[in-house]
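Working notes, beginning with the structure itself.
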Amino acid sequence: MRFAPSLLSEIGDSCRTLKSPEHDGSAAQRDPAVVQRVSEMLTEIERDGMNAVLRYASELDGWSDGDVELDAAAVRRSGDRLTAEHRASLELGAERTRAFAEAQREHLRDFETELTPGLITGHKYVPVQRVGAYLPAGRFPLTAGAFMTVGVAKAAGVDTALACVPPGHDGTPDPAVLYSAHLSGVDRVHVLGGVQALAAMAFGLLGERPVDVLVGAGNAFVAEAKRQLFGTVGIDLLAGPSEVAVLADDTADAELVAADLLGQAEHGVNSPAALVTTSQRLGDDVIAEVDKQLKTLDTKEIAGPAWRDHGSVTWARDPATAVALVDDLAPEHLEVQTADDEHYHRELRNYGSIFLGPWSTVAYSDKGMAGTNHVLPTAGGAKHSAGLSVSRFLKPLTYQRVAEHATPQLADAVDVISDYERMAAHRTTATIRTTRHQEGTR
């Protein structure tokens, strides 16, 4: 995350950098080799179908079991491999995420209105029929991903939710990811990873018709596959490395702020973490506290380089400057720890999800405990897009119902406009109705 040069020029000496990223900050580019490889794979899978999927499953995942689908009993029993405490925690996350999605759905209302006598219009929310969720389980098996994708889709009323989970080093999928999918109401699970998983769901190679929407996180190959498949199917969003920004003043606790910055830097060595603060003292204290916490952090080999290369601390002269800076970053996750959190909540406009107050941390959402969705826009995408929610699986379909007595007002205007545009057939659809209306009123 970098501030736009134009904003910095406009702000001038109202802000000052206390720590800048060591990375040059150039925008992430699509790797041409990844683009080409994904394109080749998708072309081959579309042409050769399941044979190509299984070849890639063997080549890339080491899969050799033949049937990639898990039976429902195996998915249901996946929780048996977990501790009771772990199962209970996952069950809580699934329940919270489902409850929030259901509450969102209740607030998306069908409506109908009569715009003018005889012209009735409206929309109704209709769920898509089939969703395909990719549930990665690499170094960090992010189990809550199923809650956010499968669970929210089912809360929206989606008929069929498929999931693909890559096999681990032992050839089996992660049991906690499977159990999370089970808790979320998944209909079918396949042990497939990467590009081949997304292609199989998009092209309808798993015993189902093609899915309507693909969702879920993944590596650069998965992101590129979603990019290239978009249009053939819908997608949630194209997310990059996880990122966090904290907006804090002199009332914030440096230890908490540092911990929360590292909590997201831990996602990967290219995960940005930014602090914008109206207190230079806090900024300096957080820099020192991050260095202190890194010394004993088990994942310092990830979080350390991320903070070094992509971490930043910026002092802002006043709250208005702080808001301008944070809105320019448009972070995926935004924490606000100030003496007047509600002021910032009113003023801030660009973020994926906001966490208000020192007792709110991104990890609560990451693991499903807060109920809100953690599939969020990155790389400035929050300036124009929101994160995944129940609404992504619902289509607000419009309709209109016109009474005969409303014909003159509508048809006469269409007659005039169509004549100007030289669209004769459009004009006829209106004038023929005008004629019939006139004949019927005689």
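Restricting attention to the stretch 256-282, which residues are of a type outside the set (A, V, I, L, M), buried (at least 24 other Cβ atoms within 10 Å of the Cβ) and touching a residue at least 40 places away in the same chain (Cβ under 8 Å)? If the condition is that a residue be of a type outside the set (A, V, I, L, M), buried (at least 24 other Cβ atoms within 10 Å of the Cβ) and touching a residue at least 40 places away in the same chain (Cβ under 8 Å), then D260, Q264, P272, T277 are the ones that fit. Here T113 meets each of (1) over 30 Å from A363 (Cβ atoms); (2) touching a residue at least 60 places away in the same chain (Cβ under 8 Å) with one exception, condition (2).
Of all the numbered requirements in (1) free of Cβ contacts under 8 Å to residues at least 40 places away in the same chain; (2) under 27 Å from A386 (Cα atoms); (3) in a loop (DSSP other than H, G, I, E, B), V150 misses one, and that requirement is (3). Once the stretch 193-209 is narrowed to residues that are at pLDDT 95 or above and crowded, with 24+ Cβ neighbours inside 10 Å, the residue that is nearest to T160 (Cα to Cα) is M201. The set of residues from the stretch 377-405 being over 12 Å from the mean Cα position of the chain (by Cα), of a type in the set (K, R) and within 27 Å of Q129 (Cα to Cα) comprises K395, R401.
Being out of contact with any strand residue (DSSP E or B) (no Cβ under 7 Å at 6 or more places or on another chain) and within 28 Å of A133 (Cβ to Cβ) narrows it down to one residue among R227, R308; which is it? Steps first, answer last, please.
Numbers: R308 fails: within 28 Å of A133 (Cβ to Cβ).
After ruling out the rest, the residue left standing is R227.
Taking the criterion of being part of a loop (DSSP other than H, G, I, E, B), free of Cβ contacts under 8 Å to residues at least 60 places away in the same chain and acidic (D, E), the residues of the stretch 64-90 that qualify are D67, D71. The conditions of being surrounded by fewer than 16 Cβ atoms within 10 Å (Cβ to Cβ) and free of Cβ contacts under 8 Å to residues at least 12 places away in the same chain are not met by A403.
Each row is one residue, and each column tells you yes or no for (1) within 30 Å of L60 (Cα to Cα); (2) under 18 Å from the mean Cα position of the chain (by Cα); (3) buried (at least 16 other Cβ atoms within 10 Å of the Cβ); (4) not assigned by TED's automatic domain parsing to the domain that holds K226.
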{"residue": "E106", "(1), (2), (3), (4)": "no, no, no, no"}
{"residue": "V128", "(1), (2), (3), (4)": "no, yes, yes, no"}
{"residue": "G138", "(1), (2), (3), (4)": "yes, no, no, no"}
{"residue": "V150", "(1), (2), (3), (4)": "yes, yes, yes, no"}
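Here is a list: L348, L334, L325. Which entry is touching a helix residue (DSSP H, G or I) at 6+ places or on another chain (Cβ under 9 Å), in contact (Cβ under 8 Å) with a residue 12 or more places away in the chain and closer than 14 Å to Q264 by Cα? Give the derivation first.
Values: L348 fails: closer than 14 Å to Q264 by Cα; L325 fails: closer than 14 Å to Q264 by Cα.
That would be L334, the only listed residue that is touching a helix residue (DSSP H, G or I) at 6+ places or on another chain (Cβ under 9 Å), in contact (Cβ under 8 Å) with a residue 12 or more places away in the chain and closer than 14 Å to Q264 by Cα.
If you filter the stretch 167-186 down to residues that are buried (at least 24 other Cβ atoms within 10 Å of the Cβ) and in a loop (DSSP other than H, G, I, E, B), you find that the one that is modelled with the lowest pLDDT is P173.
Does M423 fit the bill of being at pLDDT 95 or above and more than 27 Å from D212 (Cα to Cα)? Quick ask: steps written out before the conclusion?
Numbers: at pLDDT 95 or above: yes; more than 27 Å from D212 (Cα to Cα): yes.
Here the answer is yes, as M423 does meet what is asked.
Yes/no per residue for (1) under 30 Å from H86 (Cβ atoms); (2) surrounded by 14 or more Cβ atoms within 10 Å (Cβ to Cβ):
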position: V336; (1), (2): no, yes
position: E347; (1), (2): no, yes
position: V362; (1), (2): yes, yes
position: D366; (1), (2): yes, yes
position: L376; (1), (2): yes, yes
position: S389; (1), (2): yes, yes
position: M423; (1), (2): no, no
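Tallying residues that are of a type in the set (A, V, I, L, M, F, W, C) and surrounded by fewer than 19 Cβ atoms within 10 Å (Cβ to Cβ) within the stretch 40-83 yields 6. Exactly one residue among M1, M41 is touching a strand residue (DSSP E or B) at 6+ places or on another chain (Cβ under 7 Å) and farther than 30 Å from H123 by Cβ, and that residue is M1.
The values are calculated or read from the model by the stated rules, or taken from the named source; none is laboratory data. Bear in mind the structure is a predicted one, so any value in this text is a computation, not a measurement. Because the Cβ atoms are built from the backbone with ideal geometry, glycine has one as well, and the counts that use them run over all protein chains shown.
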